[in-house]
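Every number in this text was worked out from the coordinates using simple rules, so none of it is lab data. Since the structure is predicted, the reported quantities are computational estimates derived from the model, not experimental observations. In this analysis, Cβ positions are derived from the backbone assuming ideal geometry, glycine residues included, and neighbour counts consider all displayed protein chains.
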């Protein structure tokens, strides 16, 4: 299961790179980001590496004109399935119910 979650994230990262979500990063940041992704894909369970990767993933520009709602949904699913973010919708519903 963990291997397939990593594959889902790898596909999501590739798509976000193609959609130019990381173009705002400097060249050396992009190189480091790609290196961290490769290290993370090969690692078993490294919390420090996951935290570093998560920091880069959260830098994705999801407001680019090329990015669709489906891409964002796939991105959030890929990150949460790898426990890099916690996707919790309960606060959304609580806010809607508050008058």
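The stretch between residue 62 and residue 11 holds 16.8 nm of extra length on full extension. This uses 0.36 nm per residue minus the Cα-Cα distance. The mean sequence separation of alpha-carbon pairs under 8 Å and at least six residues apart, normalised by the residue count of region 2-97, gives a relative contact order of 40 percent. With the simple spin-label model, which puts each label point 7 Å out from Cα in the Cβ direction, the residue 26 to residue 73 separation comes to 3.8 nm. Put simply, the Cα atoms of region 2-97 extend 44, 32, 20 Å along their principal axes, the longest span coming first.
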